[in-house]
Amino acid sequence: MMKTKIILAALLLMVSSGMRADEYNYLTLTYNGTDQSISLPLVQRITFEDGAMVVSTTQGKYTYSLSNLDKITFTEIADAIKALPEQAENLTYKDGTLAIKGDGMLYIYNAGGALVSIANVKEGANVNLGNLPAGVYVVRMGNKTIKVRK
């Protein structure tokens, strides 16, 4: 009888946990005191390797040193975007195309703060944002961040 009650309680816990999981849309990480949200449909796997957490997405991999990782949560909405400049020296946006000066990882976030795209770009690259829905996006490469209205 006791075993049946324990199994029933475990099943109820699993069902209620599964229903709550549907409310979450983002994996939100606090890294070096800054929040970053990644849309859950992009996340394929989370692993831990060599003192780091690796988040594999459909767009690429993100590596976070565990010593700099403050918090990991699942959230319903992404973090808000703060005011950003419209253009930067190495990132310019015009007529649906993002012009890149320099090499590096390019991150594109939606207005909710969720990561929607990542790319390793090279000097002189032009990135067409035509596949993204109309809206406001934040584009970050290195230490430069701009806001893009599409």
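What follows draws every value from the coordinates through simple rules; no lab data is involved. Given the structure is predicted, the values throughout are model-derived calculations rather than measurements. Every residue, glycine among them, receives a Cβ derived from its backbone with ideal geometry; neighbour counts consider all protein chains shown.
Here the Karplus relation 6.51 cos²θ - 1.76 cosθ + 1.60, evaluated at θ = phi - 60°, turns the backbone of segment 132-148 into coupling constants of 8, x, 4, x, 9, 10, 10, 10, 10, 9, x, 9, 9, 9, 9, 9, 10 Hz, with x for every Gly and Pro. Annotation: amide H-H contacts under 5 Å for V116 (H modelled 1.01 Å from N, sequence separation of 5 or more, or interchain): I108, Y109, N110. Label positions at D35 and N143, each projected 7 Å from the Cα along the C-beta direction, are separated by 2.6 nm. When each of the peptides 115-124, 39-48 is scored by how many other beta carbons lie within 10 Å of its residues on average, the order from highest to lowest is 115-124, 39-48. Per-residue packing, averaged as other Cβ atoms within 10 Å, sorts the ranges 101-114, 62-75 into the order 101-114, 62-75, beginning with the highest.
In a reduced charge model with +1 at each Lys and Arg Cβ and -1 at each Asp and Glu Cβ, segment 91-149 shows a dipole moment near 160 debye about its Cα centre.
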